[in-house]
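Engineer: Would you mind keeping the following structure in view while I ask a few things?
The values are calculated or read from the model by the stated rules, or taken from the named source; none is laboratory data. As the structure is a prediction and not an experimental result, all values here were calculated from the model. So basically every Cβ, Gly included, is an ideal-geometry build from the backbone, and we count neighbours across all protein chains shown. Note: areas computed on protein heavy atoms with side chains; ligands, DNA, RNA excluded. Shrake-Rupley method; radii C 1.70, N 1.55, O 1.52, S 1.80 Å.
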Amino acid sequence: MMKLDSTQAFLKEEIESYQADVTRIHKMIHEKTGAGNDFLGWVDWPVNYDKEEFERIVALGERMKDKADCIVVCGIGGSYLGARAAIEMIQGLYPDNGKEVVFVGNTFSSTYVSQVLNHIKDKEVVLNVISKSGTTTETALAFRLLKQFMERKYGKEGAKDRIIATTDKARGTLKALADKEGYDSYVIPDDIGGRYSVLTAVGLVPMALAGIDVRRVMEGFLAAYNDLNTDDLAKNDAYRYAVARRILQNQGYNVEMFVTYEPQLNCLGEWFKQLMGESEGKDGKGILPDSATFSTDLHSLGQFIQEGKKVLFETLLQIEKPTLDTIVPNDPENLDSMNYLAGKNLDWVNKMAMKGTLAAHVETGGVPNLQISMPDMSGYSFGYQCYWFFLATAMTCYMLDINPFNQPGVEVYKKNMFKLLGKPGA
Ligand code: PA5
């Protein structure tokens, strides 16, 4: 399903020479003996997930199918990025299923929030608020505004039927609020942290509401679990990728640019940045994850990659089959001189751009490239790549002696902000 090609990465060490480390860490992950082991619930989630809740999510998608033309998803970080990455990857950016998905709760921007409220005022809305802690300020503030919007629009009872809460099973402000208001609620498991939670109710509820076949997503997740349940570097490309990152950092590359050629994967790049950045960037260590979409960004960042300071390597996610394709038409007048491409598939043009860029960056620019291939952008592939990247992240962090599952650094801004906002007790 997903293959790593490291032949263009100029690795100065053999990936296989890390086999002993990988074997040790593979054991640590599966026996849950490493740092942060309370948050390894995702490891067996493809088989251990709550089947009863999953069926409720599928039924929710069915029930809401004709009730809403606008799904509003309120959350931030791990309670936001995965769902958006999934929906955009699987449905594309302009799906014709009559459903719009709007994301809020991920910013304090007054303009953004005001425009969303205005944009959705005449739509039929279903609202999913997602917060594990229930106390995240961006999400809680947006939800306060949206709850009032929903109650004004549908009345208290009507709003209750259209608001869905995804939160902790027992604790937190959102849990208490959801219980009091009688919202349909779904659980974020205790032992799965935000950025590893997209295939819990956190991402599955928005996906089901958007009309995605979540069963296929979980099938892909399970397939990766089965394929990657081995410490053998010859058979586990997620681990090969984790090792290759470490080798490249040892060679002085401190930035990784996650590259795709599909705009519907922009948010997958954002998800990747959170997964790697929040997991690995601590104790003064880690690779800075960045992302780019080509060929768009070849007309901006391309210059730096080609000729700028040699700080980065690229991780290129190649999609074999596009979701849709179209043929370049012939134009008898040929005023734009594009007839040399007439009759060609647009995806073929995209792939030639990729081929040419790879050669430019690797051969001329000397930029190492790790290439990961994925068959398509289906739900199955989304599920598969989630497990692939979760496992790679855990491995690459443990290789650096880092706890992949906490994020102590993000509290610093919150502490300062709470003081400035006059939060009681801050
Ligand atoms: O990865 C994480 O844990 C974070 O990004 C959280 O998901 C994010 O801060 C949102 O937290 P919560 O779900 O508690 O609102």
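Engineer: Can you sort 109, 197 by 1.4 Å-probe accessible area, starting with the largest?
Structural biologist: Greatest to least solvent exposure: 109, 197.
Engineer: Magnitude of the Cβ-charge dipole of region 41-212, K/R +1 and D/E -1, about the Cα centre, nearest 20 debye?
Structural biologist: In total the dipole reaches around 520 debye.
Engineer: In nanometres, what is the gap between the two model label sites at residue 97 and residue 154, each 7 Å from Cα along Cα-to-Cβ?
Structural biologist: So the label points at residue 97 and residue 154 sit 1.9 nm apart.
Engineer: Excluding residues on the same chain fewer than 8 positions from residue 123, give the aspartates and glutamates whose Cα lies under 12 Å from its Cα.
Structural biologist: 69, 100
Engineer: Using the alpha-carbon centroid of each, what span in Å lies between region 197-261 and region 367-426?
Structural biologist: 12 Å
Engineer: Can you tell me the alpha carbon radius of gyration of region 41-212 divided by the globular rule-of-thumb value 2.2 N^0.38 Å?
Structural biologist: Cα-based Rg divided by the globular estimate yields 0.95.
Engineer: What FRET efficiency, computed as 1/(1 + (r/R0)^6) with R0 = 35 Å and r the Cβ-Cβ distance, is obtained for residue 53 and residue 323, rounded to the nearest 0.05?
Structural biologist: 0.75
Engineer: Please give, to one decimal in nm, the separation of the simple spin-label points placed at residue 179 and residue 110, each 7 Å out from Cα toward the Cβ.
Structural biologist: For the pair residue 179/residue 110, the computed spacing is 3.6 nm.
Engineer: Quote the accessible area belonging to residue 384 in square angstrom, nearest 10, computed with a 1.4 Å probe and with ligands, DNA and RNA left uncounted.
Structural biologist: 10 Å²
Engineer: Follow-up question, since we're still on this one. Convert each backbone phi in region 83-100 into a coupling constant with the Karplus relation 6.51 cos²θ - 1.76 cosθ + 1.60 (shift: θ = phi - 60°), then list the ³J(HN,Hα) values in order as whole Hz, x for Gly and Pro.
Structural biologist: These are the phi-based 3J(HN,Hα) values: 4, 5, 4, 5, 5, 5, 5, 7, 9, x, 7, 10, x, 9, 9, x, 10, 9 Hz.
Engineer: Right, next: At a threshold of 8 angstrom on Cα-Cα distance, excluding pairs fewer than six apart, so keeping six or more, what relative contact order does the chain reach in percent?
Structural biologist: Once normalised by length, the contact order is 24 percent.
Engineer: Any aspartates and glutamates with Cα under 17 Å of the residue 180 Cα? List them, leaving off those in the same chain fewer than 8 positions away.
Structural biologist: By straight Cα distance, residue 180 reaches 151, 157, 161, 168.
Engineer: Also: For a 31 Å ceiling on Cα separation, which of these pairs sit above it: 309/355; 27/415; 121/175?
Structural biologist: 27/415
Engineer: Would the chain count as rounded, prolate or oblate if I go by the C-alpha gyration tensor, calling it rounded below 1.5 in a/c and otherwise prolate when a/b exceeds b/c, oblate otherwise?
Structural biologist: oblate
Engineer: When all protein chains stay in place, what accessible area (Å², nearest 10, 1.4 Å probe) is found for residue 364?
Structural biologist: 120 Å²
Engineer: Right, something else. Give me the accessible area of residue 32, 1.4 Å probe, in Å² rounded to the nearest 10.
Structural biologist: Only protein atoms counted, so the area is about 70 Å².
Engineer: On a 1.4 Å probe surface of the protein chains, which of 299, 361 comes out largest in accessible area, and what is the full order?
Structural biologist: The ordering from most to least exposed comes out as 299, 361.
Engineer: Identify the residues of region 246-282 with backbone N under 15 Å of a label point that sits 7 angstrom from the Cα of residue 360 along the Cα-to-Cβ direction, or state none.
Structural biologist: Only 260-261 fall inside the zone, counting backbone N under 15 Å.
Engineer: Also, quick follow-up: Counting only DSSP beta bridges with both residues in the chain, tell me the antiparallel percent, nearest 5.
Structural biologist: Close to 10 percent.
Engineer: If r is the Cβ-Cβ distance from residue 12 to residue 285 and R0 is 25 Å, what FRET efficiency results, to the nearest 0.05?
Structural biologist: 0.80
Engineer: Follow-up. Cα to Cα, under 16 Å, and not fewer than 8 places away if on the same chain: which lysines meet these conditions relative to residue 414?
Structural biologist: Reachable lysines: 423.
Engineer: Also, quick follow-up: What is region 41-212's relative contact order, in percent, from Cα pairs under 8 angstrom and six or more apart in sequence?
Structural biologist: Contact order relative to length: 33 percent.
Engineer: So what is the calculated 222 nm ellipticity per residue for the chain, using -39500 (n - 2.57) for each DSSP H run with n of 4 or more, over all residues, to the nearest 500 deg cm²/dmol?
Structural biologist: Computed mean residue ellipticity for the chain: -14000 deg cm²/dmol.
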